[in-house]
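The values are calculated or read from the model by the stated rules, or taken from the named source; none is laboratory data. Quick caveat, the model's predicted, so the values are computed rather than measured. Cβ placement follows ideal geometry from the backbone for every residue including glycine, while neighbour counts extend to all protein chains displayed. Side chains are part of the model used for accessible areas, which takes the heavy atoms of the whole protein and leaves out ligands, DNA and RNA. Shrake-Rupley method; radii C 1.70, N 1.55, O 1.52, S 1.80 Å.
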Amino acid sequence: MQLVNIEGRATLAAEGFAYDLATLSGGTLGPTSSDALAAWDEVVELARVGTFDDGVPLTDLSLGPPIDRPGTIYAVGLNYASHVAGAGLAPRRAPSVFVKFAGSLSGPCSDIVVPAGEAMVDWEAEVGVVVGRAGRHIAAADALDHVAGYLAANDVSERHLQVESGPSLGKSFDTFCPTGPALVTLDELEDPLDVEIRCWVNDELMQDGHTRDMITDVPHILELLSSVTTLQPGDIVLTGTPAGTGYEREPKRFLAPGDVVVTEVTGLGRLVNRCVADPG
Ligand code: ZN
């Protein structure tokens, strides 16, 4: 199943057509993705047995972030050995975890607003995990039962503030978390733990990684997070970025208004985000 957001309404996407979820449910489900996540088992069942007619062609529609109001956006830093080495850092014993403010969330074709001044805005193509069932003290072996699906994401980061203040502020500017185009359930992926992640800036391939190179895999990330806090439906967990960010390059390279960032994950689709100046 693929869940997209069209004008704030949770929508099933199938074979190029869009079906409004609340309408499909005959009104038992609310209109938003938060409503869908809160009744996830019902949504899964509806996708399985629902009658699909009167679809609207997806190409005619503009998509918002698949999860419109996330609970918490967790993010794991330095989770690919290649990226750790590229950043000149020693591997950690436990994953580095931080939070991106929910206001940073944006969609698959949203603009990335570059802050004024000497901003060092960087790209980080990632797999995002969306929690579908609440849980605390989740064992890694059971973790995927708590996952609604995956989405492509970019953990856009302003490196000055990240270095000076720690990760959360530098990674939480409004528009710094493009996601989408769809929430894709795990049954649609050949192997949900085995996908390629790529990022281009202005058609130049910058990142070309694979989730098999993660230091801490998705089940163990969820086990760790849920040992501390209750994971809730609609929480998003970004799982780290492979090598090839602008900060690692020689010379360093950062985003400027006019640049176009394309993020692609196998089976999840692509984000196309244009950088614009902050209008102030
Ligand atoms: Zn990241």
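With respect to THR229, determine if the residue is β-branched (Val, Ile, Thr) and either under 17 Å from GLY128 (Cβ atoms) or within 13 Å of the ligand (Cβ to nearest atom) (or both).
Criteria not met by THR229.
So, in region 236-267, exactly how many residues are open to solvent by less than 30 Å² (accessible area, probe 1.4 Å) and either of a type in the set (Phe, Trp, Tyr) or away from the ligand (no atom under 16 Å from the Cβ) (or both)?
Let us first name the residues in region 236-267 that are open to solvent by less than 30 Å² (accessible area, probe 1.4 Å), namely 236-242, 244-246, 255, 259, 261-263, 265.
If we keep only those that are either of a type in the set (Phe, Trp, Tyr) or away from the ligand (no atom under 16 Å from the Cβ) (or both) as well, we get 259, 262.
So the count comes out to 2.
Of the conditions (1) hydrophobic (A, V, I, L, M, F, W, C); (2) part of a strand (DSSP E or B); (3) within 16 Å of the ligand (Cβ to nearest atom), VAL130 clears all except one; give me its number.
The number of the failed condition is (3).
Which is within 17 Å of SER106 (Cβ to Cβ) and surrounded by fewer than 18 Cβ atoms within 10 Å (Cβ to Cβ), of ASP145, ASP155, ASP187, ASP174?
Selected residue: ASP174, the only one of ASP145, ASP155, ASP187, ASP174 that is within 17 Å of SER106 (Cβ to Cβ) and surrounded by fewer than 18 Cβ atoms within 10 Å (Cβ to Cβ).
Counting just the residues of region 161-171 that are away from the ligand (no atom under 13 Å from the Cβ) and touching a helix residue (DSSP H, G or I) at 6+ places or on another chain (Cβ under 7 Å), which one comes out most open to solvent (accessible area, probe 1.4 Å)?
To start, the set of residues in region 161-171 that are away from the ligand (no atom under 13 Å from the Cβ) comprises 161, 163-166, 169.
Okay, now just the ones that are also touching a helix residue (DSSP H, G or I) at 6+ places or on another chain (Cβ under 7 Å), so 161, 169.
Details: LEU161: 51, LEU169: 81 Å².
Step by step, filter region 161-171, then rank; the result is LEU169.
Mind counting the residues in region 132-142 that are surrounded by fewer than 17 Cβ atoms within 10 Å (Cβ to Cβ) and at negative phi?
First, the residues of region 132-142 that are surrounded by fewer than 17 Cβ atoms within 10 Å (Cβ to Cβ): 133, 136-137, 139-142.
After this cut, where a residue has to be at negative phi as well, the list is 133, 136, 139-142.
Number of matching residues: 6.
Being within 16 Å of the ligand (Cβ to nearest atom), closer than 28 Å to GLY280 by Cα and in contact with an Asp or Glu (Cβ under 8 Å, 6 or more places away or on another chain) narrows it down to one residue among SER104, SER82; which is it? Before you say what the answer is, go through the steps one by one.
Numbers: SER82 fails: closer than 28 Å to GLY280 by Cα.
Among SER104, SER82, only SER104 is within 16 Å of the ligand (Cβ to nearest atom), closer than 28 Å to GLY280 by Cα and in contact with an Asp or Glu (Cβ under 8 Å, 6 or more places away or on another chain).
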